[in-house]
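**Q** Below: one structure in structure tokens.
The values are calculated or read from the model by the stated rules, or taken from the named source; none is laboratory data. Note that the structure is predicted; figures quoted are calculated from it, not measured. With ideal geometry, Cβ positions are generated from the backbone for all residues, glycine too; neighbour counts draw on all protein chains shown. To get the accessible areas, we keep the full protein, side chains included, count just its heavy atoms, and leave off ligands, DNA and RNA. Shrake-Rupley method; radii C 1.70, N 1.55, O 1.52, S 1.80 Å.
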There are 2 protein chains.
Amino acid sequence: MGSRSTVKRADALRSIDAIVKAAAECLGQNPEASLSEIARAAGVGRVTLYAHFASRAEVVDAAMSRAVDRGNQALDAVDLAGDPLLALARYVEASWRLVDQARALLVAAQRELPPGRIRELHSGPAARVETLIARGRSEGVFRTDLPIAWLVNVLHSVMHSAADEIRAGRLTSEHAAGHITATVLAAFTPPGRPVPEPGAGT
Amino acid sequence: MGSRSTVKRADALRSIDAIVKAAAECLGQNPEASLSEIARAAGVGRVTLYAHFASRAEVVDAAMSRAVDRGNQALDAVDLAGDPLLALARYVEASWRLVDQARALLVAAQRELPPGRIRELHSGPAARVETLIARGRSEGVFRTDLPIAWLVNVLHSVMHSAADEIRAGRLTSEHAAGHITATVLAAFTPPGRPVPEPGAGT
DNA sequence: AATAAGTCGAACATAACTGTTTGGCTTAGG
DNA sequence: CCTAAGCCAAACAGTTATGTTCGACTTATT
């Protein structure tokens, strides 16, 4: 959509960028944020928004894509090699904030976008964790009696849980990563093997 | 609200009951269900609904209260004595379906009701799990390096996760309880101690 | 059977949000 | 420097939901 044949002008690109950024922020705080709010937050007229995006769904999609891209970018910097336990801890450390921030945005996306599109957007990060878990399994430190997809879901679920707890004031940001890793590492431990102690490699 | 001094008539009570029941069902399928839909599902006119409930929030509250009551009632039948591991397994077996059913309803409640009210409604079931976990801790089978509130949240979070997986078609109902208990029992295991094997007491 | 309580359809009044159109103004870029 | 591309406020149309009011009809209870 948008560019038929002529190239966009610089100010148009600037507007689009401002809108997508504002959408990510507004929907991140309130998944029901109206397009008027988003346009205002972007410092742009509502009509301008409609000049670039045909519908609300398109705006949500763009905002979600942006967030996923940023997340992917941030996660690219994480070293997932070496001891799977430490690698998982590093992954949690790097991603739980992202999950927290994108939480409400995800709610908006789930309301406005078709389910297939959501899975498509998440396929990148999901693959990352899957291969890490698979490696941990082959090295015998992660359990093999539960499907990988389930373990991935548990990880994300616990991170969401932490986000909820922080919002409710029952958990502080400093403790979040520690709680998450302690929980998930235990959950991933094969039955019969001892749960790893936290002091391993701080 | 409702009864000022005179007693309600039998048909009024019947209507109210039908409305609350329909609300629980409709909101359970779609948290955005309108009051018109709910009234229609209850076999009652929209005006009648407003005669008994002043606002949408009141309807949601009533539906949520009903669901919680029913859940509490079902959980009363669960024996939480004996080996905490087995007790937790029994609890999961009995409650994950309830969590699944009440999921969308909870979403509606979170949108319409003040946060304090939600916690108040959940205090019953939460207390049940808390005492069970506390007992398991004193017996040395559950970890003490994480707050109880966090462990409770992990349990519920994993159950929600299972509900999501079932909806996505990645998990079947038969396997759900087993996956949940295997995951949670491992997550609750104290660091340094072996994760319990599933064959313990089937 | 009489009366108060309850039900119901239809209609009204707000209020939001989504999209669209118009016409005038500003600015990027050749 | 000039023109097309872009911006914007205001106003409009369409939809959907929440609450409320009215008047006629039905039913529970005494």
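**Q** B:E130: assigned to a helix (DSSP H, G or I), surrounded by fewer than 20 Cβ atoms within 10 Å (Cβ to Cβ) and in the same structural domain as B:L75 (by TED's automatic domain parsing), yes or no? Talk me through it step by step, then tell me what you get.
**A** On the way: assigned to a helix (DSSP H, G or I): yes; surrounded by fewer than 20 Cβ atoms within 10 Å (Cβ to Cβ): yes; in the same structural domain as B:L75 (by TED's automatic domain parsing): yes.
Considered against the rule, which asks whether it is assigned to a helix (DSSP H, G or I), surrounded by fewer than 20 Cβ atoms within 10 Å (Cβ to Cβ) and in the same structural domain as B:L75 (by TED's automatic domain parsing), B:E130 comes out as yes.
**Q** Consider B:L106 carefully, then state whether it is under 27 Å from A:G116 (Cα atoms) and either open to solvent by 10 Å² or more (accessible area, probe 1.4 Å) or assigned to a helix (DSSP H, G or I) (or both).
**A** Numbers: under 27 Å from A:G116 (Cα atoms): yes; either open to solvent by 10 Å² or more (accessible area, probe 1.4 Å) or assigned to a helix (DSSP H, G or I) (or both): yes.
Here the answer is yes, as B:L106 does meet what is asked.
**Q** Across segment A:139-167, what is the total count of residues that are more than 20 Å from the chain's Cα centre (by Cα) and free of Cβ contacts under 8 Å to residues at least 12 places away in the same chain?
**A** Count: 2.
**Q** Looking at segment B:44-85, which of the residues that are surrounded by fewer than 17 Cβ atoms within 10 Å (Cβ to Cβ), within 13 Å of DNA strand D (Cβ to nearest atom) and not in a helix (DSSP H, G or I) is nearest to the chain's Cα centre (by Cα)?
**A** B:S55
**Q** Right, next: Can we say B:K8 is within 14 Å of DNA strand C (Cβ to nearest atom), open to solvent by 40 Å² or more (accessible area, probe 1.4 Å) and without any contact (Cβ under 8 Å) to a residue 12 or more places away in the chain? Spell out how you get there, then give the answer.
**A** Numbers: within 14 Å of DNA strand C (Cβ to nearest atom): yes; open to solvent by 40 Å² or more (accessible area, probe 1.4 Å): yes; without any contact (Cβ under 8 Å) to a residue 12 or more places away in the chain: yes.
Taking the combined requirement at face value, the residue satisfies it.
**Q** Moving on. Would it be correct to say that B:A41 is more than 8 Å from DNA strand D (Cβ to nearest atom), touching a Cys at 6+ places or on another chain (Cβ under 6 Å) and open to solvent by 40 Å² or more (accessible area, probe 1.4 Å)? Don't jump to the end; show me each part of the working.
**A** Working: more than 8 Å from DNA strand D (Cβ to nearest atom): yes; touching a Cys at 6+ places or on another chain (Cβ under 6 Å): yes; open to solvent by 40 Å² or more (accessible area, probe 1.4 Å): yes.
Answer is yes for this residue.
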